[in-house]
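Below is one structure, written out as structure tokens; comments come after it.
The values are calculated or read from the model by the stated rules, or taken from the named source; none is laboratory data. These numbers were taken from a predicted model, which means no experiment stands behind them. Every residue, glycine among them, receives a Cβ derived from its backbone with ideal geometry; neighbour counts consider all protein chains shown. Ligands, DNA and RNA are stripped out before the accessible areas are found, and what is left, the full protein with its side chains, is counted by its heavy atoms. Shrake-Rupley method; radii C 1.70, N 1.55, O 1.52, S 1.80 Å.
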Amino acid sequence: MRTRQWGGTGPEVGAIGLGCMGMSWGYAESQRNDDLSVTVLEQALDLGITHLDTADVYGDGHNETLVGRVLAHRRAEAVVATKVGLVVDDLVTRTMHRDGSPAHIRRAAEASLRRLGTDVIDVYYLHRVDPAVPLEETWGAMAELVASGKVRRLGLSEVTVGEIERAHRIHPVSAVQSELSLWTRDPLAAGTDVVGWCAAHGAAFVPFAPLGRGFLTGAFDRPTFEAGDFRATNPRFADAAFAANLRIVEAVRTVAARHGATPAQVAIAWTLAQGTHVIPIPGTKNPRYLTENVMAEALHLSAEDLVALDALPTPVGGRY
């Protein structure tokens, strides 16, 4: 796989990363298989996917521990990103609260280092801004982790340009992570152009859920999800909305057919086309889908393709 530089001065990473959350919680949890997930993580590194994205909240530490099993013998091959700022209240219902206090930041970083089995985190994100704590205090505590050598770079997740700039004045923002896909384009919108801010300031933009939480793969012809699956309560997957949103998938299939590609590959290639600083992290716990996703890096979408994809309608059902 070809590589992309992390922002303007960071390391070279595979153009496509791996979102690890679904290996631990959120989607079809009855299918969780830790040994298979470790195999997928190993396969990802073999294929040139060097950017592994996790968080302390995913499975209340489970996901970091899972990633740590692979880092134990392949640490030098991976650029590891994890996150802080969300705390699990109930693992079964996935209820949580925000905590951006400096004391929590310091405790959580030490816990993440232990679970990952490493002495340094490559990219440490503030998972969500805590409205009860000034961002400057949270970010200052995270900057101290860089100064102490426990973290290499800092990032923000799901933030506004104003929040990015407030943090950036204190310590460089190396990456911004947010949902971006053919059916969630908020970070590209005029006035909220987070993708553009990253390009102008030498930061990586990391789209999560570039496959529309599986919808854009075309794998679903009707919404059937087990209890506890995030999508079971997502309004975009509700019956009426789902049926209306299938027209988006049909348009993606049309582009895919022109290239002998899959809808998933088109969806990932579209995110890659948003800028050379964009590093999508599609998630999977299936070896076949991982291989399919990697092949999206070689898919070149034409100007005609991009016009057609950019004209796709806004999904029915709101963002969540």
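Using C-alpha positions alone, give me the convex hull volume of the range 161-320 per residue in cubic angstrom.
So the per-residue hull volume is 130 Å³.
Report the rotationally averaged projected area of the range 121-239 based on its alpha-carbon convex hull, in square nanometres.
Values: hull surface 36.9 nm².
Seen from a random direction, the Cα hull of the range 121-239 projects 9.2 nm² on average.
Quick one: net charge around ALA199, please, counting Lys, Arg +1 and Asp, Glu -1 for every other residue with C-beta under 13 Å from its C-beta.
Values: positive: ARG4; negative: ASP193.
Overall, the nearby charge balance is 0.
Which shape class, rounded, prolate or oblate, goes with the range 63-147 when its Cα gyration tensor gives a ≥ b ≥ c as root eigenvalues, a/c under 1.5 marks rounded, and past that a/b bigger than b/c marks prolate? Intermediate results must be reported in sequence, preceding the final value.
Values: a/c = 2.57, a/b = 1.35, b/c = 1.90.
It comes out oblate by the Cα gyration axes.
Run the 1.4 Å probe and let me know the accessible area of PHE225, rounded to the nearest 10 Å².
Estimated to the nearest 10 Å², PHE225 gives 50 Å².
Using alpha-carbon pairs under 8 Å, 6+ residues apart, how would you state the relative contact order of the range 1-124 in percent? Could the numbers behind the result be given before it?
Working: 188 pairs, mean separation 27.5, N = 124.
About 22 percent, as a whole number.
Can you give me the pair-distance distribution of the range 98-146, C-alpha pairs, 10 Å bins, whole percents?
It works out to 26, 57, 16, 1, in whole percents.
Quick one: of the DSSP bridges fully inside the chain, what percent are antiparallel, nearest 5? Numbers along the way, then the final one.
Working: 8 of 32 bridges.
Among the beta bridges of the chain, antiparallel pairing accounts for roughly 25 percent.
Report for the range 131-224 the percent antiparallel among DSSP-assigned beta bridges with both residues inside it, nearest 5.
Numbers: 1 of 9 bridges.
DSSP beta bridges in the range 131-224 are roughly 10 percent antiparallel.
Hey, got the dipole for the range 30-153? About the Cα centre, +1 on K and R Cβ, -1 on D and E Cβ, debye to the nearest 20?
Numbers: 15 positive and 19 negative charges, 28 e Å.
Dipole size: approximately 140 debye.
If you take every DSSP beta bridge fully contained in the range 78-131, what fraction is antiparallel? Give it as a percent rounded to 5.
Numbers: 4 of 8 bridges.
The antiparallel proportion sits near 50 percent.
Tell me the net charge near LEU272. Cut-off is 12 Å between Cβ atoms, LEU272 excluded, with +1 for each Lys or Arg and -1 for each Asp or Glu. If you can, show how the numbers build up before the last one.
Numbers: positive: ARG2, ARG4; negative: GLU297.
Within the 12 Å Cβ shell, the charges total +1.
How would you rank 117-126, 233-242, highest first, on the average number of other Cβ atoms within 10 Å across their residues? Intermediate values should be presented prior to the final figure.
On the way: 117-126: 21.2, 233-242: 16.2.
Per-residue mean Cβ counts within 10 Å order the peptides as 117-126, 233-242.
Enumerate the whole-percent occupancy of each 5 Å bin, from 0 to the last occupied one, for all C-alpha pair distances of the range 212-274.
Spelled out per bin, shortest first, that is 4, 18, 27, 21, 15, 11, 4, 0.
Looking at the P(r) of the range 153-204, how many percent of alpha-carbon pairs lie beyond 18 Å? The partial results should precede the final answer.
Values: 279 of 1326 pairs.
Of all Cα-Cα pairs in the range 153-204, 21 percent lie more than 18 Å apart.
Along the positive direction of the dipole of the chain (beta-carbon charges: Lys, Arg +1; Asp, Glu -1; about the Cα centre), which of SER181, ALA78, ALA298 reaches farthest?
Of the listed residues, the answer is ALA298.
Just tell me, in residue order, which DSSP H segments of the chain are both 24 angstrom or longer along the helix axis (alpha-carbon based) and at least -0.5 in mean Kyte-Doolittle hydropathy. The partial results should precede the final answer.
Details: long enough: 239-259 (31 Å, 0.40).
Flagged H segments are 239-259.
Who wins for biggest fluctuation among GLY100, GLY275, GLY14 in a Gaussian network model of the chain, springs between alpha carbons below 10 Å?
Comparing GLY100, GLY275, GLY14 in a Gaussian network model of the chain, the most mobile one is GLY275.
Test of understanding: in a Gaussian network model of the chain with alpha carbons linked when under 10 Å, which of GLY140, GLY149, GLY228 would top the mean-square fluctuation ranking?
In this elastic network of the chain, the residue with the biggest mean-square fluctuation among GLY140, GLY149, GLY228 is GLY149.
Per residue, how many Å² of accessible area does the chain show with a 1.4 Å probe?
Accessible area per residue: 40 Å².
Considering just Cα atoms, how many Å³ per residue does the convex hull of the chain enclose?
For the chain, the hull spanned by Cα atoms encloses 124 Å³ per residue.
Can you tell me the order of 311-317, 249-255 when each peptide is scored by its average per-residue count of other Cβ atoms within 10 angstrom, highest first?
On the way: 311-317: 14.6, 249-255: 18.9.
The peptides rank, most packed first, as 249-255, 311-317.
Hey, any idea what % of the chain's accessible area is carbon plus sulfur with a 1.4 Å probe? Intermediate values should be presented prior to the final figure.
Details: 6940 of 12880 Å².
Of the solvent-accessible surface of the chain, carbon and sulfur hold 54 percent.
Whole number please: convex hull volume per residue of the Cα set in the range 1-141, in Å³? Could the numbers behind the result be given before it?
Numbers: hull volume 16.0 nm³, N = 141.
Output value, Cα hull per residue: 114 Å³.
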